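Scroll down for the structure; my scribbles are underneath it.
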Amino acid sequence: MSNITKIINYHAIEGIATITMMSEPINALSLNMRQALTKYLQRAIDDDQVEAVMIASKLRVFSGGADIEEFRTGSLWEKPNLPDVCLMIENCKKTVIALIEGHAMGGALELALACDYRVATSDALMGLPEIKLGLLPGAGGTQRLPRIIGLESATQMILSGDPISGHFALSCGLVDAIYENDQALMMAQQFTKNIMLGENPKRSCADLIVTHPDPKGFLEDFSAKIEPKTRNLVAPQRCLKSIEAACNLPLNEGLIKEMAGFAELLKTPQSRAGRHLFFAERECIKVPGVRNDHQPRDINKVAVIGAGTMGRGIAITFLEAGYAVTLLETTQDLLEQGLNQILKHFQRAASKGRFNSKKAEILSSNVTGTLSYRDIADADLIIEAAFENMDVKQQIFVKLDRYAKQGAILASNTSTLDLNEIAKFTSRPEDVIGFHFFSPANVMRLLEVVQGAKTAPDIIATSIKVAKKIKKLPVTVGVCFGFVGNRMLEPYFREGSRLLLEGATPKQVDNVLENFGMVMGIHAMADLAGVDVGARVRQGRRNEIAHDPTYQVVQDRLFDLGRLGQKTGHGSYLYDGRTRIEDPEIVKISTELADFHGVSRRHIDNTEILERCLFPLINEGFLILEEGIALRPSDCDLIWVNGYGFPSWRGGPMHYADEIGLNQVLERMNHYRNSLGAYGEMWFKPSPLLEKLATTDKTLAAHFDVKKEKL
Ligand code: NAD
């Protein structure tokens, strides 16, 4: 417990002891902090001059909660653990008050719930996000919160994992008062003095019961309501069970049940997956060669070239983050169409209550349109989102080189073209970068930041900073066809299409994948994105895929027939609005093509469908890692979870491979390589890295030196 004075300050005056946490960056409740808290709490208890204790923070956050690093090392159980600290607060004979400024998340809110009173600043955010890590709040959250704010609000908070703000916290009784930031400490001290003058300065949760006319009925209804979205998850039902205990048992017994539930969940693959992704998000912003002293460039003015699907979404993203945006198009008509759609987006958002009409007006007024490169010459960041065609990109980047100011970042949203070629159209390839947004760009969180051969490190640093500001998740990748996400998508789609030739139907393939947890199956996804999108990409890659005459032939036939997916009302399915309807025509088309290509049709079982779609995708991930296109397996996972609907509770494809065992992946790749004849030989060759790790019994995470959990 060395140096605890560096993480906590203790100060007693006029009968109030203030324990101030100050452990950068977020006052994590690690062992050191827990020891310090209990030590100073004891000091306050032992000091006869002290009548009340206030727990506060010197940082801009109250506390981010548990130190998740301890989940790896196992020291979360070391005494005093968080439930011990909470009990000590609750059993303290003196009144304890939490002053919450900024965030109080997870364990931090649980600590505050054990206090007699809570006061907060109006901008405070309080939440129990444990469910997002496949866990339940294990330090009293499921027992104390329903007692304090009532069953319905508590269930909503625990099951959503979303934080609530200071004002809402006041209205539901989570906090007893809110203050403005500059007066918070003074007002909290005054609040404490008033409490001390009152008749009952102590207020233990143990004396409270959950009041609700029909807790069992409410929890059953709640469970039924969330079932469709949480079908595959274990944590939600375990949370509900724990909340039920709060309704039926005294606090001390409920706490024991809660702890058992927490310990049980901690061991599940889903919680491992949740923690894997949690750490993955913290790792992905570390890019070799980009150092802290690479000062990010200032980005104030943004320009977007092309007002199509992506350009509009990108413009909206930057506008919502407070940037001024200039949109450039080729004709006045297209420009006006683009600007109008942006305007309509903000009007719709305002009518749905996402922001008030004043804000919608301000955001809309921050976008201007132009047909001239002169008007974007002063932009700090220019993002090209024009047609996916090298000649078009060339025209644009030659002009950007001529007009853009020195130091401007020149970004392309290309999804498949060679960024290094694009960079060569300028005399400043070090300023060129890929910003691969996903559609709809203003909704999807993922941003593949594509680092070209010559991209300067400070541009990467700037991109990561900007990405955070526009609320995106930046994953830095290298240049290759499709970068990381779309390159892994290629074998996945290839198998999805080939399985139709061999006898499966789109519905069978999609059902298997959706039951596995994918947000959408391959064929539904292709129909949504547009069958033409993939077909055009293949047209540009004929040489690379010529050795396989069956390569996505069903999809190519759909394209020729004008069955472009949802937008034309038919693709792999027929559509009634957005509802998919099976179309027997697809079996006919598949059978004809199978006959033509000499592919024999058979019954294909669900296991084969799953393995043939997933394992080549995972194998491609291994190749990408070997080539250094992705920096780490967890980056591939983030990309697939955030950009392609891979179930987060499985942790992403590479984590999933580690979970089921690399020898299993290798064995099944070899099985299909041997059993599918020439086709198997062509596409099921395991990557050397997969072979090496599987035969040495090493996980991919261990190979990339990811710290292993000790639990
Ligand atoms: P789109 O066809 O909807 O829009 C392209 C727009 O660019 C059109 O409005 C067109 O008029 C304009 N344009 C064409 N040439 C131009 C030029 N020389 N100067 C200015 N504007 C020009 O296409 P999109 O789907 O928005 O795709 C744009 C880019 O984003 C492509 O590179 C594509 O690969 C990439 N991308 C698309 C998606 C997607 O799902 N649509 C996802 C990721 C990346």
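The values are calculated or read from the model by the stated rules, or taken from the named source; none is laboratory data. On a predicted model such as this, the values are computed, not experimentally measured, just so you know. Here the Cβ positions follow ideal geometry from the backbone for every residue, glycine too, while neighbour counts run over all protein chains shown. Only protein heavy atoms, including side chains, enter the accessible area calculation; ligands, DNA and RNA are left aside. Shrake-Rupley method; radii C 1.70, N 1.55, O 1.52, S 1.80 Å.
General observations
- Rg/Rh for the chain stands at 1.00; both radii use Cα atoms, and Rh follows the Kirkwood definition.
- To the nearest 10, the accessible area of R673 is 50 Å² with a 1.4 Å probe.
- Taken one residue at a time, the phi angles of the range 78-90 give Karplus couplings (6.51, -1.76, 1.60, θ = phi - 60°) of 5, 7, x, 7, 5, x, 4, 4, 4, 5, 4, 5, 5 Hz. Gly and Pro are set to x.
- For K507, a cut-off of 12 angstrom between C-alpha atoms picks up these aspartates and glutamates, skipping any fewer than 8 places away in its own chain: E582, D583.
- Which of W683, W640 is most accessible, then next, and so on - probe 1.4 Å: W683, W640
- Using the Cβ-Cβ distance between E544 and T579 with R0 set to 41 Å, the FRET efficiency from 1/(1 + (r/R0)^6) comes to roughly 0.70.
- Cross-link pairs beyond the 24 Å C-alpha cut-off, checked among K393/K468; K132/K229; K344/K393: K393/K468; K344/K393
- Aspartates and glutamates whose Cα lies under 20 Å from that of K472, excluding same-chain neighbours fewer than 8 positions away: D162, E281, E283, D298, E320, D380, E384, E448, D458, D635, D637
- Surrounding net charge for S372, when Lys and Arg each add one and Asp and Glu each subtract one, Cβ distance under 14 Å: 0
- With a threshold of 24 Å on the Cα-Cα distance, the over-threshold entries among K94/K216; K39/K93; K301/K471 are K94/K216.
- Against the criterion of solvent-accessible heavy-atom surface with a 1.4 angstrom probe, K267, K468, K507 sort, most first, into K267, K468, K507.
- The range 367-456: relative contact order as a whole-number percent, Cα under 8 Å and 6+ apart: 25
- Eligible aspartates and glutamates near K698 by straight Cα distance, threshold 17 Å, same-chain separation 8 or greater: E626, D658, E659, E667, E709
- FRET efficiency, Q49 to S122 (Cβ-Cβ, R0 35 Å, nearest 0.05): 0.60
- Within the shell of other residues whose beta carbon sits under 9 angstrom from the beta carbon of V50, the net charge comes to -2, with Lys and Arg scored +1 and Asp and Glu -1.
- Cα shape, the range 38-110, gyration tensor, a/c 1.5 rule: oblate
- Against the criterion of solvent-accessible heavy-atom surface with a 1.4 angstrom probe, R297, R538 sort, most first, into R297, R538.
- Here the range 88-102 is scanned for amide nitrogen atoms under 18 Å from the site 7 Å beyond the Cα of L208 along Cα-to-Cβ, giving 88-100.
- Taking every C-alpha pair closer than 8 Å and separated by at least 6 residues, the mean separation divided by the residue count of the chain gives a relative contact order of 9 percent.
- Cα-centre dipole for the range 428-567 with unit charges at Cβ (Lys and Arg positive, Asp and Glu negative), debye to 20: 500
- Sum of side-chain charges, V392 neighbourhood, beta-carbon under 15 Å (Lys, Arg +1; Asp, Glu -1): -3
- All Cα pairs of the range 66-142, percent lying beyond 20 Å: 33
- Inverting the pair-averaged 1/r between distinct Cα atoms of the range 145-290 gives 18.3 Å as its Kirkwood hydrodynamic radius.
- Relative contact order, whole percent, for the range 132-224 stands at 34, derived from Cα pairs under 8 Å and 6 or more residues apart.
- For the range 150-159, backbone phi angles converted through the Karplus equation (6.51, -1.76, 1.60; θ = phi - 60°) give residue-by-residue couplings of x, 4, 5, 5, 5, 4, 4, 5, 5, 7 Hz, Gly and Pro being listed as x.
- Expressed to the nearest 5 percent, the antiparallel share of DSSP beta bridges inside the chain is 30 percent.
- Evaluated over the range 195-266, the Cα radius of gyration and Dmax, each in Å: 15.7, 52
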